[in-house]
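Every number here is computed from the coordinates shown, using simple stated rules; none is lab data. As the structure is a computational prediction, the values presented were derived from the model and not from experiment. Here Cβ is always computed from backbone atoms with ideal geometry, including for glycine, and neighbour counts include all displayed protein chains.
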Amino acid sequence: MLTWVALLALALFSGATFFAARRKALVVAGGRAANMHSLPGYYGSFVALWVGVPAALILLMAALFGSRVEEAVLRASPPAAVQAMDAEAQTVFFDDARARVHGGQASQTVYQGQLAKDLKATSAKSRSVSQTIGYGALASASLVALAGLLVAYPKIRPDFRARNRVETWIAALFILCSVTAILTTLGIVASLVWESWRFFQSVSPIDFLFGLEWNPQIAMRADQFGSKGAFGAVPLFAGTFLVMMIAMLVAAPIGLYSAIYLSEYASPWTRAVVKPMLEILAGVPTVVYGFFAALTVGPIFRSFFNWLGSFMIGGPFDALGMYLAQVQNQMALVAGAVMGIMLIPFVSSLSDDIINAVPQTLRDGSLAMGATRSETVKQVVLPAALPGIMAALLLAVSRAVGETMIVTMAAGLQAKTTLNPLDTVTTVTVQIVTLLTGDQEFDSPKTLSAFGLGLTLFAVTLTLNVIALRIVQKYREQYD
Amino acid sequence: MTESVQAMPLTLRARVEARLKTRHAQEMRFRTYGRVAIFVALAFLAVLLGRVISQGYSTFIDYQMTVPVFVDPARVDKTDISGTNFDLLIADQMLVRLGVKDDDYGSKSDKVMDLISNDLGFQILARVKADPSLIGKTVKISGPVKSDGALYFKGEMKRSTPQEERKLDNQQLGWLDKMQATGLVKGGFNTGFFTRSDSTEPEQAGVLGAVVGSAMMLVVTALLAVPIGVMAATYLEEFAPKNRWTDIIEVNINNLAAVPSIVYGLLGLAVFINWLHVPRSSPLLGGLVLALMALPTVIIATRSALRAVPPSIREAALGVGASRTQTVFHHVLPLAMPGVMTGAILSLAHALGETAPLLMIGMISFVPGVPESFTSSATVLPVQVFIWENASERGFHERTAGAIMVLLVFMIVMNLAAIIVRRRFERRW
């Protein structure tokens, strides 16, 4: 709250300095702006930037990292009774102490005797530290703003190159913005690697990548039976692969054929109607596909297979019939098929672009030689577009591997190493969701294993994307 | 040998014609495959939307019960109003109105209570609490019929199904018919679905909290992703020297655009929650995560919009003495704006439908009200769909589809806005 008020005040102040500086520039110029190096507004902006930006940065830093600093200060000198507790209880204690000051969810822990006193003392300390940080930031921001004004304001002279200075500021801001993209990547990599590293402290990477059993349930207390989970991710990889294969079997032919038809055969009118419709299909949120899979496709498939099975029971395929009669809603086939539907527009629009990029002269040449359209497509256009289409399919695979909602809602939770599409399987993304939804403590291998899975997922999709983008780039250059 | 056995050598023309026939047949087949593929894709779209609408339209119909309730002084303790069982009070009076006499065990009033939403009881409680002088008077209240009863009115629970297989028995269904016949229950448009938030009772659950949560989250996303994305794209397209660094940034952005959304959820969990202590399940947190996710697409869209502005514009501006920055701000960006806005709206629409990363950052928690601030707990539309889809009560099924319809309407509105912006301001060079 304090931060917002301070920021608002700062904005007003810096706005005021803008007008003051612009006025001064006009006065210095003797009323003729042409006497100055830059337009008066640039002098205004120059001063306003020096007043506003550094001070705002200080305030934002304090708001972002204040609570971390406060926690670190509190933890640096814990009361003796607290020091005796284990690390987790200490965290709870400090969180509770801070919750009393800042509001927020306190734990159910009841503190008695010395601990209650310590809690009081710690929260008092927390209050004073956070106030020091808050007011300190406020004071230093005000000082910095004033200093900025004192430095920048006297610089307003006719020969001062204000525009160039302001443009430097703008350039710096722009560079900062484009670095955000790099920072995001670094953030992703760093958080995944760091948490996975913590996970691999307790489970070896070899066991994780090649282990055949996945059972991350860990008992709440260390002495409970079955307190060690199994973290072999092979069943998850198998499930992901199975669902992805089914999805590609649906998406690749339908997507490719519709792309070919749209780019080679369809009249402009058909294109104008069909393309937006496919775009709608692409715009449907994945949770809707999940709903469709779980409540429509799943039951339909199940009753179909159950019905099929009921015919076979008693016949030569009795065992198969018995199996089919017991098939459940949640099967790899359902998730895969619906994911395939989701990928159709993705495959088709990417392939459409690529097919359109094949020069018309190649088609004209082939047609002039007497080839039919389909022969032209099959023998000239497709071979020319093949690398691009492969890249499109790779991107679709990467999408399928990373897709979450459909599988979460339709595939199931049982980790099995199977290639049977009628079996219930689980995937990497489903497990990440299950492991991390709900309130879990953050230090158990169970939660951390989600980051191990996330790292694997990130590595796989990144590799696929890099390969695909390379292919596309290389291919594009051929005809440009 | 006789002539008939000896094969006549086919003339070249006949051979070509025979071959041509198969080639044309091939051509037709190939064309049909394409048509079939498109038909299948569009059929999927139709089935998908058809299913959502057929399952969800009934959400927008609602059966409201309007009853006068005598706040019996004998049953309401003035000193402890909250302790009164208002549900039972309403049920007993409903029994009288239906002309049914209860047995000694009160089993019939229990059965009536199964038909009346406890929302009515809460309403009376709130009104009596606010104004204790109502005790001894008659209060008229209206509220929804309990979900199972509404399903019967909507024809989803049928009398023809055996009694054991439905939630309500024949007697209860008879009462419901009587209530409708006497005008105690009336069907109408379900405004409650838009004015209420999530609830554990299907008939009281609405999307308001989720819609507000989505809007707040989208505001955060838009305020972060659009300016940062546009500035980053402008830098890369207009200012940046072509060197190793900018190449890295460019490759990086392309790759970020294809990172699975769930990974952004992991990032949010590790960085924003555990490191920066942004409050869990808040619109602020969701907005931050989705902003990072939308950033690459905004950048890519902005860059292509900037690229579409012809160089002659830039050269003209530079020619009359504008600086590079002035050229960009005064000429290039305004001309690219329609494209930029279209791209921004589309990536925000995508962010609106995103679910997976939000599950990671705790947005799945049950939030029974409208979020009060950007840092309080909230839920958003797609997550609300997910939560309701998991609920076991039958009444939530239609609400799931109803919420999807609301979500789709928002998506369609945003996409239309993008199309309108593109059409309205599009410029051909």
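Working note: Debye formula, equal point scatterers on the alpha-carbon atoms of the stretch A:311-392, no solvent; log10 I(q)/I(0) at q = 0.17, 0.19, 0.27 Å⁻¹ is -0.75, -0.85, -1.16.
Starting from the Cα gyration tensor of the stretch A:23-109, multiply each eigenvalue by 5, take the square root, and state the resulting semi-axes largest first in whole Å.
55, 11, 8
Above 28 Å lies some portion of the pair distances; for chain B, what is it as a whole percent of all C-alpha pairs? Result for the distance tail: 66 percent. Would you work out if the stretch A:150-296 is rounded, prolate or oblate? Take a ≥ b ≥ c from the square roots of the eigenvalues of the alpha-carbon gyration tensor; rounded if a/c is under 1.5, else prolate when a/b is larger than b/c, oblate otherwise. Oblate, since a/c reaches 1.5 and b/c is not below a/b. For the residue pairs A:K275/B:K242; B:K108/B:K186; B:K129/B:K167; B:K111/B:K178; B:K158/B:K186, alpha carbon separations beyond 25 Å are given by A:K275/B:K242; B:K129/B:K167.
With neighbour counts taken as other beta-carbon atoms within 10 Å, the residues B:M28, B:M94, B:M293 rank, fewest first, as B:M28, B:M94, B:M293.
Overall, the anisotropy analysis places the stretch A:242-312 in the prolate class: the square-rooted eigenvalues a ≥ b ≥ c of its C-alpha gyration tensor yield a/c not less than 1.5, with a/b exceeding b/c. Of A:I341, A:I206, B:I364, B:I419, the sequence from fewest to most neighbouring Cβ atoms within 10 angstrom is A:I206, B:I419, B:I364, A:I341. The eigenvalues of the Cα gyration tensor, multiplied by 5 and square-rooted, give the protein assembly as shown an equivalent ellipsoid with semi-axes of 49, 48, 30 Å from largest to smallest.
Hydrophobic long helices, here whole DSSP H runs in chain B with Kyte-Doolittle means of at least 0.5 and Cα atoms spread over 20 Å or more along the helix axis, are found at B:208-234, B:283-307, B:333-352, B:395-425. Taking amide H as placed 1.01 Å from N in the peptide plane, the amide H of B:F70 sits under 5 Å from that of B:V139, each at least 5 places away or on another chain. Look at the stretch B:48-58: the mean tally of other chain Cβ atoms within 10 Å of its residues' Cβ atoms is 3. The relative contact order of chain B comes to 19 percent, based on Cα pairs under 8 Å that sit 6 or more residues apart. Membrane-span-like helices in chain A, defined here as complete DSSP H runs extending at least 30 Å along the helix axis by their C-alpha atoms with mean Kyte-Doolittle hydropathy no lower than 0.5, are A:2-28, A:40-76, A:114-152, A:162-202, A:234-260, A:332-357, A:445-479; this is a sequence and geometry rule, not a statement about a membrane. Entry note: chain A has Rg to Rh equal to 1.11, where both radii use alpha-carbon atoms and Rh is the Kirkwood radius. The convex hull defined by the C-alpha atoms of the stretch A:126-199 has an orientation-averaged projected area of 8.5 nm². Partners of B:K101 within straight-line reach, counting aspartates and glutamates whose Cα lies under 18 Å from its Cα and excluding those fewer than 8 residues away in the same chain: B:D87, B:D92, B:D110, B:D114, B:D169, B:D177. Residue-normalised convex hull volume from the C-alpha trace of the stretch B:237-396: 151 Å³ per residue. Restricting the calculation to Cα atoms, every distinct pair contributes to the Kirkwood radius of the stretch A:3-53, found to be 11.2 Å.
Partner shielding of B:400-409 amounts to 3, given as the average count of beta-carbon atoms from other chains within 10 Å of each residue beta-carbon. Of the Cα atoms belonging to the stretch B:55-126, the radius of gyration and Dmax stand at 14.0, 47 Å.
Using only alpha carbon pairs under 8 Å that are at least six residues apart, calculate the relative contact order of chain A and give it in whole percent.
16 percent
Across the stretch B:39-182 the C-alpha pair distances fall into 10 Å bins from zero in the proportions 10, 34, 28, 15, 8, 4, 1 percent.
Peptide B:282-295 is shielded by partner chain Cβ atoms: per residue, an average of 1 of them sit within 10 Å of its Cβ.
Taking Cα pairs under 8 Å and at least six residues apart, what relative contact order does the stretch A:9-152 come out at, in percent? Result for the stretch A:9-152 is 31 percent. In a simple Cβ point-charge model (Lys, Arg +1; Asp, Glu -1; nothing else charged), chain A has a dipole of about 2020 debye relative to its Cα centre. Amide hydrogen proximity for B:I116: with H placed 1.01 Å from N in the peptide plane, the residues at 5 or more positions away or on another chain lying under 5 Å are B:K146. Candidate cross-link partners of A:K378 among the aspartates and glutamates, defined by an alpha-carbon separation under 20 Å and a same-chain spacing of 8 or more, comprise A:E264, A:D352, A:D353, A:D364, B:E27.
The stretch B:268-341 and the stretch A:322-351 have their alpha-carbon centroids 37 Å apart. In summary, no aspartates and glutamates lie within cross-link reach of B:K140, defined as a Cα separation below 12 angstrom excluding same-chain residues under 8 places away.
Residue exposure proxy: B:V219, B:V76, ordered by other Cβ atoms within 10 angstrom of their Cβ from fewest to most, comes out as B:V219, B:V76.
The distance separating the Cα centre of the stretch B:98-161 from that of the stretch A:354-402 comes to 66 Å.
Stokes-Einstein, applied to the Kirkwood radius of the stretch A:234-357 over Cα pairs at a viscosity of 0.890 mPa s and 25 °C, places its translational diffusion at 150 µm² s⁻¹. Note that the stretch B:245-295 shows a convex hull volume over its alpha carbon atoms of 79 Å³ per residue.
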